[in-house]
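Just so you know, all these numbers are worked out from the coordinates, no wet-lab data involved. Predicted model only: the values in this text are computed from it and were never measured. Neighbour counts run over all protein chains shown; Cβ positions are idealised from the backbone, glycine included.
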Amino acid sequence: MKKRIILPVVIASFVIGMLIHHIGFAETQDRKKTDDLYKELELFSDAVSEIRANYVEEKKPKDLIYGALKGMLASLDPYSQFMDPDTYNEMKVETEGEFGGIGIEITLKDELLTIISPIDDTPADKAGLKAGDKIVKIDGTIVKDITLIEAVKKLRGKPGTDVTIILLREPDRKLLEFTITRSIIKIASIKKAEMLEPGIGYIRLSVFQENTPKDLSEALKKIEAENLKGLVLDLRNNPGGLLDVAVDVAGKFLEEGKVVVTTKGRVENQNLEFKSKNKNKHLDYPIIVLINGGSASASEIVAGALQDYKRGLLIGTKSFGKGSVQTVVPMSDGSAVRLTTSKYFTPKGRSIHGEGIMPDIIVEYEERSQKDKEVDKETALFEKLIEGKEKTEQEKAEEKKKKELDNQLSRAVDVLKGIVIYGGK
């Protein structure tokens, strides 16, 4: 009997001993990490003291600390950054949907300043800047090793002033120069909401901002009233925006309670699931989603969710691959730290960051040549001579709309019509 009692006691003592050893080891490791940190902070303190004592010009302590913080955050990844009070205020102005500049979203990719996408109907878009272009110079200054904040400051300015950009367009291996006049950038969520032809609707969603869900609901209501049988949702060159808005947009086309996106980070409370809350039930028609290399962040969340649930067919080219979450933490002096805290994953667990979303049908974009446009005019003239009569305004408008479709959109319409004819979703 004693042996039976002694054995569990020995096992319990062993387990407790192991636990104490593990806790002790963990505490030792934490203490070691803290000691290492203090040791490195001593190095930092020594460097600051040396600068203050011997640098050729006197520097304010805040300038030194700000400089150190900028360097530290920039060393983490292209999206983490320290924002002084002025820069933080600029960022808040940008989220309000109106600011002065040329209208591009930029990032650092492979240590090069890269255009994610030009924003629709802005000076950059009209000048011909493209997703994937690498910026080499801004106003004669080489931008190698520049931070995103510094680049944004150089590109922004008073409306009516010019900025000259030299960029590398990799497919052509050409350096191109653009002089662009800045203007007030007003961002509208929905650029177009119309019927391309009977039964086939089209919505061009250009950015995800606070008013996007409301604007999208109104656009859907408008085209659904016209006997909508299939929808083309155009997310090309959409640089993204707010996470909760992306979840809301995807949720409009999914059944209630479906996981739209998950975020995973190093800390437990950063591992989150975001689910659809469909109140409008836009579930009765097939969807084609257009994406390209300028579709990033929130656009990739929507595209990935619709693809995973087979709710939408993706056409175009691979998306940008910007799938990390940044948390902005305001500091006591009005500055802020923008820190990458987690990454996005699609409902099936696919990582978006650095990977992008691959379309179901790859269709490379093709520029319409001037020759094609001239052929269109000649064809119209020939048809007029043969038929001997003028076409109605409605017929002209429908033909014009068809000719304005680019090859990717045209392919999407053809595929969607096929799905509608065969009654599939």
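Please sort 108-119, 168-179, 227-238 by packing, taking for each peptide the average over its residues of neighbouring beta carbons within 10 angstrom, highest first. Write out the running numbers ahead of the final one.
Numbers: 108-119: 19.7, 168-179: 11.4, 227-238: 22.6.
Peptide ranking by packing, descending: 227-238, 108-119, 168-179.
Nearest 20 debye, what's the magnitude of the dipole of region 54-94 about its Cα centre given +1 on Lys and Arg Cβ and -1 on Asp and Glu Cβ?
The dipole of region 54-94 has a size of about 140 debye.
Sort 242-248, 356-362, 141-147, 318-324 by packing, meaning the average of other beta carbons within 10 Å per residue, with the highest value first.
By packing density, highest mean first, the sequence is 318-324, 242-248, 356-362, 141-147.
Would you please put 332-345, 259-272 in order of how densely packed they are, using the mean number of other Cβ atoms within 10 angstrom per residue and starting with the highest?
332-345, 259-272
Taking the beta-carbon count within 10 Å as an exposure proxy, list TYR66, TYR55, TYR202 from fewest neighbours to most. Intermediate results must be reported in sequence, preceding the final value.
Numbers: TYR66 17, TYR55 10, TYR202 25.
Lowest count first: TYR55, TYR66, TYR202.
Of the cross-linked pairs LYS134/LYS310; LYS134/LYS191; LYS322/LYS417; LYS109/LYS222; LYS70/LYS191; LYS70/LYS126, which ones have a Cα-Cα span greater than 30 Å in the structure shown?
Working: LYS134/LYS310 35 Å; LYS134/LYS191 26 Å; LYS322/LYS417 32 Å; LYS109/LYS222 40 Å; LYS70/LYS191 37 Å; LYS70/LYS126 34 Å.
Violating the 30 Å Cα-Cα cut-off are LYS134/LYS310; LYS322/LYS417; LYS109/LYS222; LYS70/LYS191; LYS70/LYS126.
Grab the Cα-Cα distance for GLU42 and ASP145, subtract it from 0.36 nm times how many residues apart they are, and report the gain in nm with one decimal.
On the way: separation 103, 0.36 × 103 = 37.08 nm, distance 2.75 nm.
Roughly 34.3 nm would be gained on extension.
Once label points are set 7 Å from the Cα along Cα→Cβ at both GLU255 and LEU168, what is their separation, rounded to one decimal in nm?
It works out to 5.0 nm between the two label points.
Only Lys, Arg, Asp and Glu count, each charged at its Cβ (+1, +1, -1, -1), so figure out the dipole size of region 98-186 about its Cα centre, rounded to 20 debye.
Dipole size: approximately 160 debye.
Can you give the local net charge around ASN271? Use residues other than it whose beta-carbon is closer than 14 angstrom to its beta-carbon, Lys and Arg +1, Asp and Glu -1.
Here the count lands on +1.
In nm, to one decimal, how far is the modelled label at GLU50 from the one at LEU64, with both set 7 Å along Cα→Cβ?
That separation, rounded to one decimal, is 1.2 nm.
I'd like to know which of ILE104, PHE178, ILE116 lies farthest towards the positive end of the charge dipole of region 98-186, counting +1 on Cβ of Lys and Arg and -1 on Cβ of Asp and Glu.
My answer, from the dipole projection, is PHE178.
Between the alpha-carbon centers of region 299-338 and region 59-86, tell me the distance in whole angstrom.
24 Å
If I take R0 = 30 Å and measure r between the Cβ atoms of LYS264 and GLU111 in this structure, what FRET efficiency does the formula 1/(1 + (r/R0)^6) give, to the nearest 0.05? Don't skip to the end; give the middle numbers.
Working: r = 26 Å, r/R0 = 0.86.
After rounding, the FRET efficiency stands at 0.70.
Report the extension gain between GLU366 and GLU224 in nm, rounded to one decimal, defined as 0.36 nm multiplied by the number of residues separating them, less their alpha carbon distance.
48.1 nm
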